[in-house]
1. Which one of the conditions (1) at pLDDT 90 or above; (2) of a type in the set (Gly, Ala, Ser); (3) within 16 Å of TRP170 (Cα to Cα) does SER35 fail to meet, given that it meets all the rest?
2. Report whether or not THR29 is modelled with pLDDT of 85 or more, farther than 30 Å from GLY375 by Cβ and under 34 Å from the mean Cα position of the chain (by Cα).
3. How many residues does the stretch 215-234 contain that are under 21 Å from TYR196 (Cβ atoms) and exposed (fewer than 15 other Cβ atoms within 10 Å of the Cβ)?
4. So, in the stretch 368-416, exactly how many residues are assigned to a helix (DSSP H, G or I), over 21 Å from TYR200 (Cβ atoms) and not charged (D, E, K, R)?
5. Evaluate the following for ASN207: is it under 25 Å from PRO13 (Cα atoms), in contact (Cβ under 8 Å) with a residue 24 or more places away in the chain, assigned to a helix (DSSP H, G or I) and within 22 Å of the chain's Cα centre (by Cα)?
6. Out of all the residues in the stretch 366-375, is one or more free of Cβ contacts under 8 Å to residues at least 24 places away in the same chain, touching a helix residue (DSSP H, G or I) at 6+ places or on another chain (Cβ under 9 Å) and either under 20 Å from THR238 (Cα atoms) or among the aromatic types (Phe, Trp, Tyr) (or both)?
7. Taking the stated definitions as given, is ALA393 buried (at least 16 other Cβ atoms within 10 Å of the Cβ), under 18 Å from ARG250 (Cα atoms), of a type in the set (A, V, I, L, M) and not assigned by TED's automatic domain parsing to the domain that holds TRP170?
8. Could you list, in sequence order, the residues of the stretch 165-207 that are of a type in the set (Lys, Arg) and closer than 15 Å to LYS371 by Cα?
Amino acid sequence: MKVGFYLNTPNNPVSALRAIIRHKGQRYTISIGESVIPKYWNEKSHRCRTVRDYPEASHINTRLDDWASLIEDAINGFGLIIPTPKMVKDKVDDIIRKRNIEAGGVIENEEEQYLVKFAEYYRDTSTKTERTKKGYTTTINKLKEFEEAHKTRLRFIDIDIDFYNKFKNWMVHSTYVKSQKKDKDGKVIEEKRLSYTKNYIGALFKNITLFMNESKGKKVHDFSGFMDKDFKSEKEDTDSIYLNQDEIQRIYNLEITEDLLRKHGYKNQNLKTTIKSLSEERDRFLFGCFTALRHSDYSRLDALHFNEDIIRIWTVKKDKKVYIPMHHQLRELLKRRNNILPSPISDQKHNKQIKAIGKLAGIDEDVILTKTRGGKRIESVSPKYEFITSHTARRSGATNMYLAGVDLKFIQEILGHSKIEQTIRYIKVSAEDNAKRLIDHPYFSGKQPEEDKTKKDALLSQQSTLNK
């Protein structure tokens, strides 16, 4: 009997492996759910080359040794019988199932052992928000893609540190379509692809851990390989922009005219419609800048939320009521609009419009932002308006409140952060900005606030009168 392992797609960045068994003149093929980076594969030894650049190699080789031993046990169990390919597959599956149960599994129903099946059930019965359930769906789809790529179905027992390394490696080397250009016949002629960010991959692992914890808590299984200390959801602080008060003022004062649009390359047709839509999105964005609310909240503000200079609104994501004093320019904006707020619009359309508004307002200094994509730190250099999104309004509002001296705990309340450290990381304040903010603090300036000075003078006057 001879057991060898071969690449399915040697020309791809990552290839699944299959076992090919030759026994008594027969040839059997089995998908084993393992994958490798082809450039580290040794075709002669049927194992990975153990090099410093590929630390997973030794773990993969150990699992391949286990597979070889398992397959030999399965075929030797037939004795003198020459089994069919289906008989071999069923025997291998039976041995794996018995080992699963011996390892602590309590799964009786065959279909109940699969992670994706439970994840779909959990999503469909969850009372979480649609936004949260959308994240579950994204994770489920990625797990299905992983299963398809590796010709396997993930069981609860499979979710351990080895799976973590394989799934992470697969995601790091995967890409998605950012944009496409098609010809008149609908054929793709140009395509831009991007690698996934560290935070995107981290969010997937966060949901996978949730699915495993929930299924374990419901006594669906008793496996704990996912509880390894290195099985974690990695996250990096986002490198995002905020608009300072001068930039927000430029947007506030922006007069969108036909001449301005022509100057920036807009065509003559539909200029009036363009002016109206851009003006609406400018005002909507300013509502976010002056309140530090999320787009899902500031986009649905109406007159009923404003009462006695206080904004009262239940936030969508946190399902919590917040109270925000009205900014003086927000009052002016409402007056300018006759207390009629912009109609709701999708986040995608809003983002496209506010980038155009930022450009029209001259917010075009070059900015460098960095984030981890495909396991590498990538720098992006673009005019600042290219980085403006609906979330920029929220971050700008929170940061400018802080720089203006608003209490950090109050900002935390608006943002809905459970810990003050989250708020400190969220606001975009440089060390220099923070120092400037404290210049007028009595400790550094030596000056007492006017109210304290008045009280002190009054007290000295009283003491002087008593001493006479």
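The values are calculated or read from the model by the stated rules, or taken from the named source; none is laboratory data. Quick caveat: nothing in here was measured; it's all calculated off a predicted structure. Glycine gets a Cβ as well: all are built from the backbone with ideal geometry, and neighbour counts include every protein chain shown.
1. Just one mismatch for SER35, condition (1).
2. Working: modelled with pLDDT of 85 or more: yes; farther than 30 Å from GLY375 by Cβ: yes; under 34 Å from the mean Cα position of the chain (by Cα): no.
For THR29, the condition - modelled with pLDDT of 85 or more, farther than 30 Å from GLY375 by Cβ and under 34 Å from the mean Cα position of the chain (by Cα) - is not met.
3. 3
4. Kept after step one, since they are assigned to a helix (DSSP H, G or I), are these residues of the stretch 368-416: 384-387, 390-403, 408-415.
Of the ones still in play, those that are also over 21 Å from TYR200 (Cβ atoms) are 384-385, 393, 396-403, 408-415.
Those left that are additionally not charged (D, E, K, R): 385, 393, 396-403, 408, 410-412, 414-415.
Looking only at that region, the number is 16.
5. no
6. So far as the stretch 366-375 goes, yes, one or more of its residues are free of Cβ contacts under 8 Å to residues at least 24 places away in the same chain, touching a helix residue (DSSP H, G or I) at 6+ places or on another chain (Cβ under 9 Å) and either under 20 Å from THR238 (Cα atoms) or among the aromatic types (Phe, Trp, Tyr) (or both).
7. Judged against the criteria, ALA393 is a match.
8. Correct list: LYS198 only.
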